[in-house]
Amino acid sequence: MVAVACWGALGFAASVWPALRLAWVAVGAAIAAAALLDAHRARRVGAMLTATRVLVPILAVGRRHAYQVRLETPTDARVELTDLLHLDAEEVPVPTLVHVPAARAARVPLSVRPTSRGRFDAGDIITRTRSPWGAWDHQRRHRQAGTVRVFPDIGGAAGGALETADLRVPPAGARRAPRRGHGLEFKALRDYREGDALRLVDWKATARRGRPITREYEDQRDQQVLLVLDCGVRMRARDDALSHFDHVLNAALRLAAVALVQGDAVGCATIAHDQPRVLLPRKSRAALGRLVQGLYDLQPGHRVPDYLADARLLLDRLRRHSLVVFLTTLRDEDEPELLAATHLLRRRHRVTVASVRETVIDDLQQAPIVTEDDAARWASALEYGQARARVVGRLRQRGVDVMDVPPRQLSSALAAHYWRLKRAGTM
């Protein structure tokens, strides 16, 4: 730019003193030749530049993941880097200025926080290389092969911190329900301890040994849990960074991990989905990975669940007594159909309905009332909440276990509910 400005000044002087015109033409030719040479060098440096993304191909939704972009060139270069990583992330790609030394690799630290699950194309990397004299920029697109899979965050806060939790220990808040004798397996005989129930005393062993002997039981293993995921339009609602369906999926996978550690078989089925998926209960070591692989790319659609029809299908597929957990969002118009569906399933299975409650309803009922619009919104929220409470009450009267909790509390509430059933021996 300085050279062009000087050449312009020389041109002005040449218009006043014609003797300078030849010098003005010569300087212009020299500047043009230098610009062409600089453009050639910019193209050459840009063509020799390589950009490679170093990223783990499996990520967790809602988590921030650090990765690197490796830049290499045989000559010294100034590079503007833009990574087009297609993960439905919140952040818009921002160019990063990097100095790449000659014959050495430069590693550019970047991060991404995906907001959607599924399989995504890796996306390309765009580089703009500045010419040595700064007159030109050479832009190049570097193709990045492969795909990136984004899985549910079953190891983070949304999933109950599985990485640090001991799944063999009941979670905080899970009360130990009194054991009822069934649903338990005999473990061993031991000496009587103060507080042991008389019904647990083994009188034959007591007579043989001459001292009180008690039978000790442990939670029954080899039971079945089937998680039924509502993939309908209601689950598209979003109260925070995650949709209700993402919260439901995280809670389901956490419960699956807990149940598998306890020796139970876990499976999953989808309802209100264009292509229903059924993963029958299994208890192998790879069962959790099988569930994650089979569910990670699920997305809520635009259908409404048909609970009764789905219950009939589940009854045909699920022959053995199981704990069937519906993960859905209740509406008052669902009452007749849901009552019929749970009544049908309870002939053979234990049924739980885990409903996600919209936090906006709670917020509206707690918000101050200042204007008439505030009063109208409060009345609508109150009526909606009361109708929902009536549905929950009628389900419980029919013997159905019902949870109606905000999305962030669903994971811990579901795990605590499982532990209560397990400890009581009523699965």
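Bear in mind that the values in this text are calculations on the coordinates, not laboratory data. Because the structure is a prediction, the values reported are computed rather than measured. Here the Cβ is made from the backbone with ideal geometry for all residues, glycine too, and neighbour counts use every protein chain on show.
In order along the stretch 351-363, phi translates into HN-Hα couplings of 10, 10, 10, 9, 9, 8, 9, 5, 5, 5, 5, 5, 5 Hz, rounded to whole numbers, per the Karplus curve 6.51 cos²θ - 1.76 cosθ + 1.60 with θ = phi - 60° and x for Gly and Pro.
Excluding Ala379 itself, calculate the net charge of residues whose Cβ lies under 14 Å from the Cβ of Ala379, where each Lys or Arg counts +1 and each Asp or Glu counts -1. Can you show the working numbers first?
Details: positive: Arg377; negative: Glu372, Asp373, Asp374, Glu383.
Combined, the nearby Lys, Arg, Asp and Glu give -3.
Across the stretch 271-367, Cα-Cα distances exceeding 15 Å account for 70% of all pairs.
Each peptide in 249-256, 276-283 gets a packing score, the mean of other Cβ atoms within 10 Å over its residues, and the list from highest to lowest is 249-256, 276-283.
Looking at the square roots a ≥ b ≥ c of the eigenvalues of the Cα gyration tensor of the stretch 296-427, which shape do they give, rounded for a/c under 1.5, prolate if a/b is larger than b/c, or oblate? List each step's numbers first, then the result.
Numbers: a/c = 2.07, a/b = 1.81, b/c = 1.14.
Taking the square roots of the gyration eigenvalues as a ≥ b ≥ c, the stretch 296-427 is prolate.
Scanning residues 5 or more positions from Arg303 or on other chains, those with amide H under 5 Å from its amide H are Val233, with H placed 1.01 Å from N in the peptide plane.
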